[in-house]
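The values are calculated or read from the model by the stated rules, or taken from the named source; none is laboratory data. What you see is a predicted model, and the numbers here were worked out from it, not measured in a lab. For neighbour counting, all protein chains shown are included, and Cβ atoms are generated from backbone atoms with ideal geometry for every residue, glycine included. Side chains are part of the model used for accessible areas, which takes the heavy atoms of the whole protein and leaves out ligands, DNA and RNA. Shrake-Rupley method; radii C 1.70, N 1.55, O 1.52, S 1.80 Å.
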Amino acid sequence: MTVKDFVDAKSKQLCFYLNAFWNEGLPVEELELFFWDCMEEWGQVNCTLTQPYTQKERVFWHVLHQIHYWNEEKLKDDTILVDELRTCVKFLEDAGTCPIDCVGIRP
């Protein structure tokens with residue numbers, strides 16, 4: 001699997017999980033399980049240190065880090081964080097512009 005294939009597939013899933021968390025009450029534990037599944041699957045990706053990042057990949061890693069770092073309350077109730085993540089999700093869904101302040105990096 002290539003980096004692009006991984007990011008494309010996992011971005012769709014990440015957006016689905018986050019939207020379900022915000023809208024339908026998906027338990028935060030499911031977000032955490034998704035994070036760890038991504039980390040496990042990342043180990044199977046054919047990636048070299050010289051491969052350049054795409055904007056989509058940077059946003060993907062940024063959002064993935066955020067859902068792992070922040071607690072449930074912050075992910076639901078912090079309007080600044082939620083607005084930032086919603087902007088990122090829109091971009092990952094090809095429905096918005098690229099946020100300029102995402103600094104996501106590969107694990």
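Among the candidates Glu41, Glu84, Glu32, the residue that is part of a helix (DSSP H, G or I) and either closer than 14 Å to Val7 by Cβ or open to solvent by 80 Å² or more (accessible area, probe 1.4 Å) (or both) is uniquely Glu41.
Right, Val103: open to solvent by 20 Å² or more (accessible area, probe 1.4 Å), in contact with a Lys or Arg (Cβ under 8 Å, 6 or more places away or on another chain) and of a type in the set (Val, Ile, Thr) or not? Working first, answer last.
Values: open to solvent by 20 Å² or more (accessible area, probe 1.4 Å): yes; in contact with a Lys or Arg (Cβ under 8 Å, 6 or more places away or on another chain): yes; of a type in the set (Val, Ile, Thr): yes.
Judged against the criteria, Val103 is a match.
Each row is one residue, and each column tells you yes or no for (1) in a helix (DSSP H, G or I); (2) without any contact (Cβ under 8 Å) to a residue 40 or more places away in the chain.
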{"site": "Ser11", "(1), (2)": "yes, no"}
{"site": "Phe16", "(1), (2)": "yes, yes"}
{"site": "Thr48", "(1), (2)": "no, yes"}
{"site": "Gln51", "(1), (2)": "no, no"}
{"site": "Arg58", "(1), (2)": "yes, no"}
{"site": "Gly96", "(1), (2)": "no, yes"}
{"site": "Cys102", "(1), (2)": "no, no"}
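Restricting to segment 60-78, give me the number of residues that are outside any loop (DSSP other than H, G, I, E, B), under 15 Å from Trp22 (Cβ atoms) and of a type outside the set (Asp, Glu).
Final tally of qualifying residues: 6.
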